[in-house]
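Beneath this line is the structure, given in structure tokens, with notes to follow.
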Amino acid sequence: MKPTDHADIVVLGGGTAGCVVAGRLAREHDVLLLEAGPDYGPDQADWPADLLDATTLPASHDWGYRAGRHVFERCRAIGGCSTHNGCTQSSGWAGDYDAWAADGSPGWDSASLRPFFDKAAQALRLRNYRESEIQPFQRSFIAAGAALGLPVRHDFDQLDGEAGIGCAPVNITPDGVRVNTAFAYLDPVRNLGKLTVAAGMTVDRIILDNGRAVAVEIITESGDRRRISAGLIVLSAGAYGSPEVLLRSGIGPAAHLADLGIEVRHDLPGVGENLHDHPTIQLEFAGSAELAAELADFASTHLLPDEQAMAKLRSHRAGDAPYDLHVFPWIERDPALEHGWRCIVPIGLLRPRSRGTVRLRSADPHALADVDHAYLTDPADLDALAHGLGWARELDLSPYLGTPLLVPQGDTRDWIRGHHQHYWHPAGSCRMGPAGDPLAVVDHTGKVHGLDGLHIADASVFPDIPRGTPALPTTVVGERIAAFLQELL
Ligand SMILES: Cc1cc2nc3c(=O)[nH]c(=O)nc-3n(C[C@H](O)[C@H](O)[C@H](O)COP(=O)(O)OP(=O)(O)OC[C@H]3O[C@@H](n4cnc5c(N)ncnc54)[C@H](O)[C@@H]3O)c2cc1C
């Protein structure tokens, strides 16, 4: 569908949160949703099979962000990362949100957010695995964690959840389809006449006039440049994409913009700062013959998801919080190994202190940003990961694990420094906070400080990433900011 030259509300980025905002607002208002990738529509028959299949992570539709040995997958399709993610839905801890509110973001305390978590859970059709659906490797992980003293609990979507081990709810239908936010939020309003989804549209920049965002410049798939004026713009291009669009628009740290030859339209030092993610370190083993046989047996009668169970652990760095680490094992097919399976046991730090940046390489809208996560630059992060690694090495998964493929060698801390990975959870690069906070980019309603007509709603606004997987919290960001906007409109 072709976009018009004016829209009352334009949402930039049809990803996890963008679909929520567009879907909620399009019940009453005219909304144009612009997405760089394809929109496969409401009929699952039109979707690529890999994006529907929730048992494993798809490799298609990736934007292509890289830095050194790190690959930062991001989905370039309607639904954004909700269209290719692992479907684990966890909320994080109440205290994380209460801290946001205490730091000057009213309406984000856990009590205020509970109804939005409930709405998100309902829209995403969250459900818990039945006992019989838990595959053998994941079952053995729960048993091994329990043997080390962790209580078995399936409370990952509870803001008052405790340390423990079990399965989080998932947004997966019983027949294995990933319920992305396009299915959950766009499909119910596609036929109401107020939503236009324009796919294949790369947002270059936002046009400002006298301190107000008034239009957006886009590039179509055929390379044409178009300008669309808007009454209200909501930027939802994700933790890498949203700072990219702001910086190309001349909204960001003046010195960085000047280096790139971009005219400074609004000096906002926090844009692209505060980038963080959950850093991880992982153990890897070849799967044993026994594991291969049991998986084949299980798969003959059940869906076989790669990942299902998780542990929440408490390190000595957790402070008042009940936990600060996840251990989230998965299996993957590896034809180079004798029995065809690789077993991965990653440990993720849920409240990292290290902070990095998103910086433009050039003003070219097709050039991906320079993403520097600065993982483990705060020594406390390394300490906490080392604690989790020690716990994971105690797990007895013995009947299922064969040859160790990746385990610590030499000094553990040096080994972590050389092998750490990430949990695919970039956040915080347009952080929320009060006007007096020099690095805050948006206020509690998502409005960009110092500008009218421009809001942001996605994982970039997290001041500190919640201690849970971020898909559900990001959906809640969409719900929360859509509700603030409904009050304004
Ligand atoms: C491989 C993987 C597995 C994951 N597994 C889980 C999991 O199991 N559980 C969990 O909770 N979290 C998981 N996550 C993380 C979670 O999915 C993300 O944190 C969350 O979806 C981010 O949502 P968002 O709205 O901020 O961004 P996105 O969903 O990335 O949305 C951004 C959208 O903007 C579009 N866009 C970007 N730039 C432009 C532009 N210039 N013009 C037009 N459109 C643009 C993108 O194409 C995309 O559609 C996973 C992530 C990945 C990558």
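The values are calculated or read from the model by the stated rules, or taken from the named source; none is laboratory data. Nothing here was measured: the structure is a model prediction, and the numbers come from that model. Don't worry about glycine lacking a Cβ; one is built from the backbone with ideal geometry, like all the others, and counts go over all protein chains shown. Surface accessibility is based on the protein's heavy atoms, side chains included, excluding ligands, DNA and RNA. Shrake-Rupley method; radii C 1.70, N 1.55, O 1.52, S 1.80 Å.
Things worth noting here:
- The angle between the Cα long axis of helix 471-488 and the main principal axis of the chain comes to about 20°, on a 0 to 90 degree scale.
- Potential lengthening between Asp209 and Arg153 on full extension [0.36 nm per residue; Cα-Cα distance subtracted]: 14.8 nm
- Restricting segment 81-163 to chymotrypsin sites (Phe, Trp or Tyr not before Pro) that sit in a DSSP loop and have at most 12 other Cβ atoms within 10 Å of their own Cβ leaves nothing.
- For segment 288-362, applying the loop criterion from DSSP together with a ceiling of 15 other beta carbons within 10 Å to the chymotrypsin sites (Phe, Trp or Tyr not before Pro) yields no site.
- Neighbourhood net charge (11 Å Cβ-Cβ; Lys/Arg +1, Asp/Glu -1) for Val442: -1
- Shown here for segment 1-106: GluC sites (Glu not before Pro) in loop regions (DSSP other than H, G, I, E, B) with at most 15 other Cβ atoms within 10 Å, namely Glu28.
- Cut-off 19 Å (backbone N to label point 7 Å along Cα→Cβ of Asp372), residues of segment 439-461: 439
- Between Ala144, Gly402, Ser222, the Cα set farthest toward the positive side of the dipole of the chain (charges on each charged residue's Cβ, about the Cα centre) is that of Ser222.
- 3J(HN,Hα) from dihedral phi, segment 374-391, Karplus parametrisation 6.51/-1.76/1.60, rounded to Hz, x for glycine, proline: 6, 3, 6, 6, 8, x, 4, 5, 5, 4, 5, 5, 4, 4, x, 5, x, 5
- For the pair Ser222 and Asp62 in one chain, pulling the backbone fully straight at 0.36 nm per residue adds 55.6 nm over the alpha carbon distance.
- Solvent exposure of the chain amounts to 37 Å² per residue of accessible area, where only protein heavy atoms count and the probe is 1.4 Å.
- Taking a sphere under 11 Å around the Cβ of Ala54 and counting the other residues whose Cβ falls inside, with K and R at +1 and D and E at -1, yields a net charge of -4.
- The amide H of Gly287, built 1.01 Å from its N in the peptide plane, has Trp341, Arg342, Cys343, Gly402 as neighbours under 5 Å, considering only residues 5 or more places off or on other chains.
- The fraction of accessible area contributed by carbon and sulfur in the chain is 49 percent, rounded to a whole number (1.4 Å probe; ligands and nucleic acids excluded).
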